[in-house]
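The values are calculated or read from the model by the stated rules, or taken from the named source; none is laboratory data. Being a predicted model, the structure only gives us computed values, none of them experimental. When we count neighbours, we look across all protein chains shown, and the Cβ atoms used for this are built from the backbone with ideal geometry, even at glycine.
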Amino acid sequence: MAGPIMKVNLKLLAAQLVVMPAIYGLVLFLAAGTAAWPAGWIYLILFFGSTSAMSLWLLKNNPGFADRAHDRDRPNRIKKPGTRRFTC
């Protein structure tokens, strides 16, 4: 039986799709010392293009997936017995 369907926070998703590439780009090009680095631009476009496309596709086709995938980030969720996994 599936749990309750929760709404995806569109503002948070939009912020992540805009802010994360900017942060990655800043770190990447500051480390390179120049913005004239084609491999860095290709990496950013491929990585965040595919991530954005996948996020938008999931939002359209299976909006509850994002909630289930990020459920581990909710510290106050109710844990069912036997669902705890070993972690380091």
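Among the residues of the range 8-51, those that are within 21 Å of F65 (Cβ to Cβ) and touching a helix residue (DSSP H, G or I) at 6+ places or on another chain (Cβ under 6 Å) comprise V8, L17, F48. Of the helices (runs of 4 or more DSSP H) entirely within the chain, those holding at least 2 residues that are surrounded by 10 or more Cβ atoms within 10 Å (Cβ to Cβ), at negative phi and at pLDDT below 70 occupy 64-69.
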